[in-house]
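K.L.:
Sharing a structure here in structure tokens format.
Derivation of every value follows stated rules applied to the coordinates shown; laboratory data play no part. Just so you know, these numbers come straight off a predicted model, no measurement behind them. Note: ideal-geometry Cβ built from the backbone for every residue, glycine included; neighbour counts use all protein chains shown.
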Amino acid sequence: MFKETVICIIIIISIVCLDLFTQNYTKQSVETITKELSSIKEEMTLENKEKTKEKIDELNKNWKDMHDKLAYYIEHDELEKVDTAIVNMKSYFETEDFSSASAELEEGKFILEHIEDKNSFNLQNIF
């Protein structure tokens, strides 16, 4: 009986630790990408095309790195929505449709915040 109790406690502790680790990584990733999206929007409003293009390329690189790790524990549909928003934003920027690109930026931010809220450890998500 003692052996089974110890094993159950170890399993519960490991699950809680892994959940905290994934939650912190998700929060860090969302903050990083959201800041990059905000800086892209600022550059777009200033119509600085060269700097905006550099920031978009940097965003794509960072998102691909984070996407690979987030895909282990977040639904692929949610991550695909962010991918779609980034690709749409990039294509609108290339066609110089800045208002639509800005709208896609905001959609990407919203989806990222939704992902963070959905995966956070709180009472609302438990029940």
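K.L.:
Note the angle between two axes, namely the Cα long axis of helix 2-45 and the longest principal axis of the Cα atoms of the chain, as a number of degrees from 0 to 90, rounded to the nearest 10.
P.N.:
The helix 2-45 is inclined about 10 degrees to the chain.
K.L.:
Follow-up. Fewest first, what order do F98, F2 take by the number of other Cβ atoms within 10 Å?
P.N.:
F2, F98
K.L.:
Which loop chymotrypsin sites (Phe, Trp or Tyr not before Pro) in segment 20-72, with loop taken from DSSP, have no more than 10 other Cβ atoms within 10 angstrom of their Cβ?
P.N.:
Sparse-neighbourhood loop chymotrypsin sites (Phe, Trp or Tyr not before Pro): Y72.
K.L.:
At what distance in nm do the modelled label points of F21 and S39 sit from each other, each positioned 7 Å from its Cα along Cα→Cβ?
P.N.:
Between F21 and S39, the simple spin-label model gives 2.9 nm.
K.L.:
What's the angle, to the nearest 10 degrees (0 to 90), between helix 76-94's Cα axis and the longest principal axis of the chain?
P.N.:
Result, in degrees: 10.
K.L.:
Here is a follow-up. In degrees between 0 and 90, to the nearest 10, how far off the longest principal axis of the chain does helix 98-118 point, with axes built from Cα atoms?
P.N.:
Value to nearest ten degrees: 10.
K.L.:
Shifting gears a bit: Name the residue from G108, I56, I13 whose Cα lies farthest towards the positive end of the charge dipole of segment 2-126, charges +1 on Cβ of Lys and Arg and -1 on Cβ of Asp and Glu.
P.N.:
Sorting the options by dipole projection puts first I13.
K.L.:
At what distance in angstrom do the alpha carbon centres of segment 33-61 and segment 89-112 lie from each other?
P.N.:
That distance is 11 Å.
K.L.:
Computed from these coordinates, which is semi-axes √(5λ) of the Cα gyration tensor in Å: (1) 38, 13, 11; (2) 21, 18, 14; (3) 23, 17, 14?
P.N.:
(1)
K.L.:
Loop by DSSP (not H, G, I, E, B), at most 16 other beta-carbon atoms within 10 Å: where is the longest site-free stretch of the chain for GluC sites (Glu not before Pro)?
P.N.:
1-46
K.L.:
Oh, and also: With +1 on each Lys and Arg Cβ and -1 on each Asp and Glu Cβ, and nothing else charged, work out how big the dipole of the chain is about its Cα centre, in Debye to the nearest 20.
P.N.:
Around 500 debye, computed over the chain.
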